[in-house]
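**Student:** My questions will all concern the structure given below.
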Amino acid sequence: MAIIAVYNVSGEKTRDLEIHDAIFGLPSKKEVVHQVYVAMQANARQSWADTKDRGEVRGGGKKPWKQKGTGRARHGSIRSPIWSGGGITFGPLSVRNYTQKINKKVKKQAVQMCLSDKVRDGKLYALESLDVGAQTKDVAAMYLTLPGSGRKTLVLVDGINSNLLRTTRNIKQIDVLQARDVSVIDLMHHQYIIVDEQAIAVLVNRLS
């Protein structure tokens, strides 16, 4: 069984907690995690850039000068791509689709691998209670006593905790997220993960 440390609100380790090895003890496959991470980033991308080709640029209906006799090169439109202010050749279009398909099984596996890596590195641990006080200064004081103080930390909860959200929103290094919504991107962008036993139950139910 995989084991994580449990801390109290004073930052003292109180015990070890056994968690599911099938979810939190998987060997890491960087290729799988990378594939899911890149695909999720691509799926969040929106194609804003859009250029006009020579058929969409306004004007240019009249031939600039006659075909022969001027000594200049022949041209049919001032909106040709070789003219300043003309159309763009092979420019980006807003109809481009960046979406990549991710299998549900692979996506779930990548989350398990990221969690397993955090457990192996000692960067995932539990708190006895996430009821840490009604003021931001209480949470900030507790955070300074815990492993990973000063590092990007993600707190996983089993449901909406309005008090925790309010007291952590002004602490730059802490983010709060429901365990059912955590993704590979969330886990990769935070060095430490804090959970409680209810959040672990949600993760086990979601990933098993």
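The values are calculated or read from the model by the stated rules, or taken from the named source; none is laboratory data. If you're wondering where the values come from, they're calculated on a predicted model, not measured in any experiment. Backbone-built Cβ (ideal geometry, glycine too); neighbour counts: all protein chains shown.
**Student:** Collect the residues in the stretch 74-107 that are of a type in the set (D, E, K, R) and over 30 Å from Arg180 (Cβ atoms), keeping them in residue-number order.
**Tutor:** Result: Arg74, Arg79, Arg96.
**Student:** Looking only at the stretch 78-119, which residues are in the same structural domain as Thr51 (by TED's automatic domain parsing), among the small types (Gly, Ala, Ser) and buried (at least 18 other Cβ atoms within 10 Å of the Cβ)?
**Tutor:** Gly86, Gly87, listed by residue number.
**Student:** Out of everything in the stretch 1-22 that is of a type outside the set (Asp, Glu) and not in a strand (DSSP E or B), what residue ends up being surrounded by the most Cβ atoms within 10 Å (Cβ to Cβ)?
**Tutor:** By that ranking, first place goes to Val9.
**Student:** While we're here: Which is in contact with a Lys or Arg (Cβ under 9 Å, 6 or more places away or on another chain) and surrounded by 18 or more Cβ atoms within 10 Å (Cβ to Cβ), of Leu130, Leu124?
**Tutor:** Leu124
**Student:** Considering only the stretch 97-108, I want to know if a residue exists there that is out of contact with any Asp or Glu (no Cβ under 6 Å at 6 or more places or on another chain) and within 27 Å of Val9 (Cβ to Cβ). Steps first, please.
**Tutor:** Applying the first criterion (out of contact with any Asp or Glu (no Cβ under 6 Å at 6 or more places or on another chain)) to the stretch 97-108 yields 97-108.
Still in the running and within 27 Å of Val9 (Cβ to Cβ): none.
Looking for residues that are out of contact with any Asp or Glu (no Cβ under 6 Å at 6 or more places or on another chain) and within 27 Å of Val9 (Cβ to Cβ), one finds none in the stretch 97-108, hence no.
**Student:** Would you be able to say whether some residue in the stretch 26-38 is touching a Ser or Thr at 6+ places or on another chain (Cβ under 9 Å), surrounded by 15 or more Cβ atoms within 10 Å (Cβ to Cβ), at pLDDT below 95 and assigned by TED's automatic domain parsing to the domain that holds Val139?
**Tutor:** Looking through the stretch 26-38, at least one residue is touching a Ser or Thr at 6+ places or on another chain (Cβ under 9 Å), surrounded by 15 or more Cβ atoms within 10 Å (Cβ to Cβ), at pLDDT below 95 and assigned by TED's automatic domain parsing to the domain that holds Val139.
**Student:** Return the pairs, sorted by first residue and then second, in which the second residue is exposed (fewer than 12 other Cβ atoms within 10 Å of the Cβ), the first residue lies in the stretch 39-53 and is of a type in the set (Phe, Trp, Tyr), the beta carbons are less than 8 Å apart, and the residues are 6+ apart or on different chains.
**Tutor:** Going by the 8 Å Cβ cut-off, the qualifying pairs are Trp48/Ser94.
**Student:** Let me ask something else. Arg72 passes all but one of (1) surrounded by 14 or more Cβ atoms within 10 Å (Cβ to Cβ); (2) modelled with pLDDT of 95 or more; (3) in a loop (DSSP other than H, G, I, E, B); which number fails?
**Tutor:** Result: Arg72 fails condition (1) only.
**Student:** For Gly76, indicate whether it is in contact (Cβ under 8 Å) with a residue 12 or more places away in the chain and over 39 Å from the mean Cα position of the chain (by Cα).
**Tutor:** Against the criterion (in contact (Cβ under 8 Å) with a residue 12 or more places away in the chain and over 39 Å from the mean Cα position of the chain (by Cα)), Gly76 qualifies.
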